[in-house]
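One structure below.
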Amino acid sequence: MLLTKQLASIVVVPLMAFNIGTAQPQDIEPQIVPEKTREQQILDTIITASTTYKVDKDILYSVLKCESGLKPETKGDYKNGEYLATNIAQYHKGTFMSHKKEFFEEYNQELDHNSWEDHIKLTAFALSKGYGNQWTTYRAIKNGGRYSFHSKLLEKDFTVVCKLQKMV
């Protein structure tokens with residue numbers, strides 16, 4: 001008898017909770033869920049990637065913010081009529097491909113050089129592997145906000161200013 005009462009409550013409670021049989025399709029108002037802005041999508045991706053690859057979200061956020069202003073369309077390091085650094089993390093193609101190969105060997109997942117989501121994921125992965133110094137913005141963050149260097153590639157001197165920023 002006890003078993004019968006338990007089964008009945010399992011069936012009755014959901015029926016009561018959802019009022020099955022009383023609502024008609026025309027009575028249900030559609031819920032409008034606002035779409036996330038691209039900025040919110042980027043922030044969500046930073047949080048997910050920093051959690052997945054166990055890196056400090058504020059460092060990942062700061063590197064990306066300083067590299068591109070969180071704008072995937074950003075291009076930089078112009079030389080010989082070509083932009084060498086692209087997307088939200090400002091990867092040069094060769095560096096992206098090198099990190100991508102290591103990522104694939106570990107996770108068996110392909111990454112797309114044109115995807116800002118994959119740039120964030122790969123940057124978090126690279127930071128987790130200790131490759132942060134490949135970004136001058138990371139060096140600036142670790143150096144208290146400023147890093148000066150000479151670029152052999154671009155044949156000029158640069159000072160990068162980038163401080164650790166708390167993710168909003």
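The values are calculated or read from the model by the stated rules, or taken from the named source; none is laboratory data. This is a predicted model, so every value here is computed, not measured. We place every Cβ from the backbone using ideal geometry, glycine too, and count neighbours over all the protein chains shown.
Overview of results
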item	result
Selection from the range 108-133 of residues that are within 14 Å of Lys54 (Cβ to Cβ), part of a helix (DSSP H, G or I) and either without any contact (Cβ under 8 Å) to a residue 40 or more places away in the chain or of a type in the set (Asp, Glu) (or both)	Ala126
The range 67-106 - residue that is of a type in the set (Ser, Thr, Tyr) and in a strand (DSSP E or B) and, of those, surrounded by the most Cβ atoms within 10 Å (Cβ to Cβ)	Tyr91
Among residues of the range 91-120, those that are acidic (Asp, Glu) and under 20 Å from Gly76 (Cβ atoms), counted	3
Criterion: modelled with pLDDT of 95 or more, surrounded by 12 or more Cβ atoms within 10 Å (Cβ to Cβ) and not hydrophobic (A, V, I, L, M, F, W, C) - qualifying residue of Gln134, Gln109	Gln134
Residue within the range 66-81 that is charged (D, E, K, R) and more than 20 Å from Glu39 (Cα to Cα) present	yes
Test result for Gln26, of a type outside the set (Gly, Ala, Ser), at pLDDT 50 or above, over 30 Å from His92 (Cβ atoms) and under 41 Å from the mean Cα position of the chain (by Cα)	yes
Check on Ser115, within 21 Å of Glu39 (Cα to Cα) and in contact with a Lys or Arg (Cβ under 9 Å, 6 or more places away or on another chain)	yes
